[in-house]
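Worksheet for the structure shown next.
Values quoted throughout were computed directly from the atomic coordinates according to the rules given, and no laboratory measurement underlies them. Note that the structure is a prediction, hence the values are computed from the model and not measured. No Cβ is skipped: glycine too gets one built from the backbone with ideal geometry, and neighbour counts run over all protein chains shown.
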2 protein chains.
Amino acid sequence: MEHSHILLAHGNGGRFMRELIREVFAQGLGDVGPDTQLDAAPVRLPFAGELLTTTDGFTVQPLEFPGGNIGSLAVHGTVNDLAVAGADPVSLTLNAFIEEGTEVALLRRLVAAMAAAAREAGVRIVAGDTKILRRGEGGGVYLATAGIGVRPAGVKLSMDLIQAGDAILVSGPVGDHGTAVMLAREAFGLRGDLRSDAASVWPLTRVLRAMPGVRFMRDPTRGGIATVAHELAQASGLQVRLWASQLPVREPVRAVCDIVGYDPYYLACEGRVVVVVAAAQAQAVLAQLSAAGAPEAAIVGVFETGPKQAIVETHLGGERLLLELEDDPLPRIC
Amino acid sequence: MEHSHILLAHGNGGRFMRELIREVFAQGLGDVGPDTQLDAAPVRLPFAGELLTTTDGFTVQPLEFPGGNIGSLAVHGTVNDLAVAGADPVSLTLNAFIEEGTEVALLRRLVAAMAAAAREAGVRIVAGDTKILRRGEGGGVYLATAGIGVRPAGVKLSMDLIQAGDAILVSGPVGDHGTAVMLAREAFGLRGDLRSDAASVWPLTRVLRAMPGVRFMRDPTRGGIATVAHELAQASGLQVRLWASQLPVREPVRAVCDIVGYDPYYLACEGRVVVVVAAAQAQAVLAQLSAAGAPEAAIVGVFETGPKQAIVETHLGGERLLLELEDDPLPRIC
């Protein structure tokens, strides 16, 4: 790259754009990157199965935070949406909206993190596009990824399968991502060394999807586990009961929530999966999660007949309703 | 929707976001829209063939212009990338980055245009995501689409197939989109009633891809036909000669270029296709283009042995080099 900062001319389809795409994106992605000569890229599915697709946008601020950056997040986020649907992630496409004036060195770090995340999940970024935004018309970098995956025949996961008595598991402590980003912003004057949990859940879901009794999986991102619980209650027509005593929450997350009045149930995770399992298989799935790299996984709740709502049974034995989120406590969290 | 304008809270994963997605996006897209309950959506390919994927980002300003808006552009753009690669477009995914304060009525118009464009191209928008940007951190609306298509076995299109003597065709007048957007901005105090050419090229490419002698197709978007000519020269190692007398350019486009000193060769099209054809089949392809709805198509150039560069033979018989674009005359054109 001839320039150290992005110019508007890096968006015009000409030489500077070609340099940006080749030297920052294609070279930075290396063996997991695209053939930049193609209008559309061929994708080979590793086996015959059901083709799945999904997409996600990323606007996290700051762009870099302990445990990741917007680049790793953009890969993990879309990989995870395929993974919780029971698919093998196969390929991604990438859109980058880059503000004029952005440092090229920052872009290189984001692309390096994307490459590492893609290698970890076994996907290639087969196509991409860049657009440059005028100074003041973008928040540094926005990314959008879309993914293709293939689901083996016989994998059936659906909210429609959920029954009263089913257990709810979570693969690890909740709220690390939301809290780490908040701390990286030094919001409320708070600092700390908590790391985002941003990671691929594919090593977990590939094991879980084939286990008997597993009904449904979802990653609790924006809106946290409360939002997943609410969605599950609405879709199943059942009451979701979560036990506060069972929910894994790291001490720094709890401390920050206590100080600023946030509820960890609503904080975003980026590397956790919520699993709905038939009661009889819940312990087996928990053991398997632990063996597959999620030792802090826990059974955190249950579906029961009752009003279609999500409630938390508190440490003191009381109950409180998990209302659907309205106001936004933490914009640009993912 | 309870609100007439977008709030930050429409991005938080809670009730307002659900309303935005359901009432504006899912309802606006209707039969070509997604099942919003899924983390990843199944895609059924209409026939066995090669799976292709591509993606494109959209930042056009103004968001609405004569002949289209950013919504129709976002569908046509990705459909066209699949189409020129010889594929049947099958499904799209959509990312919307929406600035706080955006009018919901505007969003509804953009979504209606997406739905119409998707119907026209026979694709469904099977998955999507929305993110809300803080006021002043976005230019109204940015969109990103990714697409999946399937290419019939036997369709072979590649820049590697190009030979000296091959003809270059364009399916219609160039520069309408770039000029229409410029006029919509009232840049340089100019006004006019030219319409963007934004449209699906799929009705043309589906016919062309099966014709003997067709080597390669590409849509001349950012950077215009000059940029495509430059890419073709670099990839083929041949000289691209374009004849100024043969290039279809509408009178208002020519007039604007004369006034402001732009070169129509560099102006973006959003509904044209450049086709490389063996010389012997060029007339047959031209006739077929005309029959398929492109009566203004023309043979505009030829590949010849010589330095790998693109030149224009002027009306007076001189030659000028089409240099690769460096400065950006028209940011946010697509």
How far is A:Ala112 from the same spot in each other copy, in nm, shortest first, if each label point sits 7 Å from Cα toward Cβ? 5.0
Taking the beta-carbon count within 10 Å as an exposure proxy, list B:Val170, A:Val300, A:Val260 from fewest neighbours to most. A:Val260, A:Val300, B:Val170
Take the cross-link list B:Lys156/B:Lys308; A:Lys131/B:Lys308; A:Lys308/B:Lys131 and give me the ones stretching past 26 Å between alpha-carbons. A:Lys131/B:Lys308; A:Lys308/B:Lys131
Could you give the angle, 0 to 90 degrees to the nearest 10, between helix B:104-121's Cα long axis and the longest principal axis of the Cα atoms of chain B? 50 degrees
Among A:Ala83, A:Ala255, A:Ala298, whose mean-square fluctuation peaks in a Gaussian network model of chain A (Cα, cutoff 10 Å)? A:Ala255
May I ask you to report, in nm to one decimal and beginning with the shortest, the distances from B:Lys308 to the same position in the other copies, taking label points 7 Å along Cα-to-Cβ? 6.1
Within 10 Å of each Cβ of A:45-53, how many other protein chain Cβ atoms are there on average? 4
For A:92-102, mean number of other protein chain Cβ atoms within 10 Å: 4
What's the angle, to the nearest 10 degrees (0 to 90), between helix A:251-260's Cα axis and the longest principal axis of chain A? 90 degrees
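Normalising by the residue count of chain A, find the relative contact order in percent from Cα pairs under 8 Å and 6+ residues apart.
So the answer I get is 22 percent.
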Is it possible to state the helix-based mean residue ellipticity at 222 nm for chain B, with each DSSP H run of 4+ residues giving -39500 (n - 2.57), the sum divided by total residues, to the nearest 500 deg cm²/dmol? What is it? -8000 deg cm²/dmol
Local electrostatic count at A:Phe303 - Lys and Arg +1, Asp and Glu -1, tallied over other residues with Cβ under 9 Å: -1
Name the shape class, rounded, prolate or oblate, that the alpha-carbon gyration tensor gives for the protein assembly as shown, where a ≥ b ≥ c are the square roots of its eigenvalues, rounded holds for a/c under 1.5, and otherwise prolate holds if a/b is larger than b/c and oblate otherwise. prolate
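Counting Lys and Arg as +1 and Asp and Glu as -1, each charge on the Cβ, what is the dipole of chain A about the Cα centre in debye, to the nearest 20?
So the dipole magnitude of chain A works out to roughly 540 debye.
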With axes computed from alpha carbons, what is the tilt in degrees of helix A:70-84 against the longest principal axis of chain A, rounded to the nearest 10 within 0 to 90? 50 degrees
Need one word for chain A: rounded, prolate or oblate. Basis is the Cα gyration tensor (sqrt eigenvalues a ≥ b ≥ c); a/c below 1.5 gives rounded, then a/b vs b/c decides. oblate
Inter-chain shielding of B:56-67 (mean C-beta neighbours from other protein chains, 10 Å cut-off): 3
Distances in nm, one decimal, shortest first, from B:Ser245 to the same residue in every other copy, taking the label point 7 angstrom along Cα→Cβ. 9.2
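Rank the residues A:Val273, B:Val32 as a footprinting-exposure proxy: fewest other Cβ atoms within 10 Å of their Cβ go first.
Starting with the residue having the fewest Cβ neighbours, the order is B:Val32, A:Val273.
Counting DSSP beta bridges with both partners in the protein assembly as shown, what percentage is antiparallel, nearest 5?
Details: 88 of 114 bridges.
Antiparallel bridges: around 75 percent, rounded to the nearest 5.
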Show me B:147-153, B:37-43, A:266-272 ranked by packing, highest mean number of other Cβ atoms within 10 Å first. A:266-272, B:147-153, B:37-43
Relative contact order [Cα under 8 Å, 6+ residues apart], the stretch A:5-151, whole percent: 40 percent
Counted neighbours (other Cβ, 10 Å), sorted fewest up, put B:Thr59, B:Thr53, B:Thr93 in the order B:Thr59, B:Thr53, B:Thr93
